[in-house]
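The values are calculated or read from the model by the stated rules, or taken from the named source; none is laboratory data. What you see is a predicted model, and the numbers here were worked out from it, not measured in a lab. No Cβ is skipped: glycine too gets one built from the backbone with ideal geometry, and neighbour counts run over all protein chains shown.
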Amino acid sequence: MLKKICFGYVGCGFVAQKIHIPNFKNLEGCDFKAIAEIRQNLGRRVQQRYHIPKLYRNHLELADDEEIEAVGVSGGFHTQGEIARDLLEAGKHVFMEKPMAVSVMQAEKILEASKKGRSRLMVAYMKRFDPGYELFKEQVEKYRISGELGELIYVRNHGFCGDWLAGMPDVPVEGTDEPYPPPSPAPKPPWLPENLYEKYIGYLQQYIHNVNFLRWVLGGDVEVKHVDLDQDGYTGVVLLNISNIRSSIETASISFHGWEEHTQSYFKKGWIKASSPPLMLVNMPAKVELYIGQEHNSYVKPLAKWGWSYKREAEHFISCLLSGEGFRSPGEDAVHDIEVIERIYRIYLQNSGVL
């Protein structure tokens, strides 16, 4: 018989219902046994809808279930890190949404819990599982090795956002009038003034994806060279040096019916570009375009395989637990994204005269 991972999930909100619970529920290697939700009426509705055997009042009760081997987590940006830490320390493997933490300090405590519990953490960076972005990375690596397009001189990441749902099928979501519990104190970076926490979180939760993706494509260490953000702490340009490649992240929030995001790698003799679809479109990978300059002057649009990044990251998590292989986006790697975001924001506040 096929070995299965006994799985539980913490949180029954919008993203959990729209994405993660259905995806894990439909995986062949996943035996979905339990959910935990502090809003018990909502938890019961989701339990009944998806025919999940067990419902717990909180993640600590689920952590005590010896049958459960692995747990997915969706929650508030700092709360989910605390939940993940408790589960890892209890010996449960954890799949969690980004960001893994809101500070390096919190991230390090999460990794300590993973070591203590001898458990593994995967951070769900969906861009690493988009077939189009996989193809983009393969093409960049191919031409860096072959030298056919000359030297790689610049990578530009542009993320102006828009409508991330963009016509997503209207699958009903269970709701509730139960209030959220009061949040626990945020383990924010010690240097960050309390009144700027929400600005910091806004930048962190959106653009940690972009930092992670550039690191994945280019490899190596990241040096923050220049930060030019507006007073909103969100709109602007950041210049980075990643593996000795000058890179930029352009950030803003605009009104747009689709999703305004692309990454372009410029070589001396051409470029490779990947454009993101709206995030919730099922089986719609990023589009890749290659320009070959000089005497060729040609455009090539290699096609990525069909696939939905959110489903593929769930498959990857379960597959790695069954095989023992390493995660593509482990917690040990994800902590470096928190480090970069902290550096960016400290420079922004220094430039603003706050620090």
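Computed quantities for the displayed model
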| quantity | calculated |
| --- | --- |
| Residue check, ASN157 under 17 Å from the mean Cα position of the chain (by Cα) and over 17 Å from TYR345 (Cβ atoms) | yes |
| Pick from the range 174-213, criterion within 19 Å of the chain's Cα centre (by Cα) and hydrophobic (A, V, I, L, M, F, W, C), ranking: farthest from SER309 (Cα to Cα) | ILE201 |
| Filtered residues of the range 256-307 (kept if among the hydroxyl-bearing types (Ser, Thr, Tyr) and closer than 17 Å to PHE136 by Cβ) | THR263, SER265, TYR266, SER275, SER276, TYR291, TYR299 |
| Some residue of the range 293-302 being at pLDDT below 95, in contact with a helix residue (DSSP H, G or I) (Cβ under 7 Å, 6 or more places away or on another chain) and in the same structural domain as LEU192 (by TED's automatic domain parsing) | yes |
| Matching strands (runs of 3 or more DSSP E) fully within the range 269-355 where at least 3 residues are in contact (Cβ under 8 Å) with a residue 60 or more places away in the chain | 270-275, 287-292 |
| Some residue of the range 155-174 being assigned by TED's automatic domain parsing to the domain that holds ARG346, free of Cβ contacts under 8 Å to residues at least 40 places away in the same chain and of a type in the set (D, E, K, R) | yes |
| Matching residues in the range 100-118 - criterion: being crowded, with 21+ Cβ neighbours inside 10 Å and touching a Gly at 6+ places or on another chain (Cβ under 8 Å) | MET100, ALA101, VAL102, GLN106, ALA107, ILE110, SER114 |
| Residue tally, condition touching a Ser or Thr at 6+ places or on another chain (Cβ under 6 Å) and not in a loop (DSSP other than H, G, I, E, B), over the range 185-204 | 0 |
| The range 214-231 - residue that is surrounded by 11 or more Cβ atoms within 10 Å (Cβ to Cβ) and assigned to a loop (DSSP other than H, G, I, E, B) and, of those, farthest from the chain's Cα centre (by Cα) | ASP230 |
| Of the criteria (1) within 18 Å of PHE77 (Cα to Cα); (2) surrounded by fewer than 18 Cβ atoms within 10 Å (Cβ to Cβ); (3) out of contact with any Gly (no Cβ under 7 Å at 6 or more places or on another chain), which one PRO183 fails | (3) |
| Residue within the range 23-30 that is within 23 Å of THR176 (Cβ to Cβ), assigned by TED's automatic domain parsing to the domain that holds GLU112 and crowded, with 18+ Cβ neighbours inside 10 Å present | yes |
| Any pair with Cβ under 8 angstrom, 6 or more apart, that starts in the range 216-229 at a residue that is assigned by TED's automatic domain parsing to the domain that holds GLU138 and free of Cβ contacts under 8 Å to residues at least 40 places away in the same chain and ends at one that is in a loop (DSSP other than H, G, I, E, B) and surrounded by fewer than 20 Cβ atoms within 10 Å (Cβ to Cβ) | GLY219/SER243; GLY220/SER243; GLY220/ASN244; ASP221/SER243 |
| Test: residue in the range 318-336 that is at pLDDT below 95 and among the basic types (Lys, Arg) | no |
| Matching residues, the range 313-340, being charged (D, E, K, R) and closer than 21 Å to GLY8 by Cβ | GLU313, GLU315 |
| Selection within the range 43-58 - buried (at least 21 other Cβ atoms within 10 Å of the Cβ) and aliphatic (A, V, I, L, M) | VAL46 |
| Only one of GLU61, GLU37, GLU69, GLU97 that is buried (at least 20 other Cβ atoms within 10 Å of the Cβ), modelled with pLDDT of 95 or more and of a type in the set (Asp, Glu) | GLU37 |
| Per-region count, the range 134-175, residues β-branched (Val, Ile, Thr), over 20 Å from TRP259 (Cβ atoms) and crowded, with 17+ Cβ neighbours inside 10 Å | 1 |
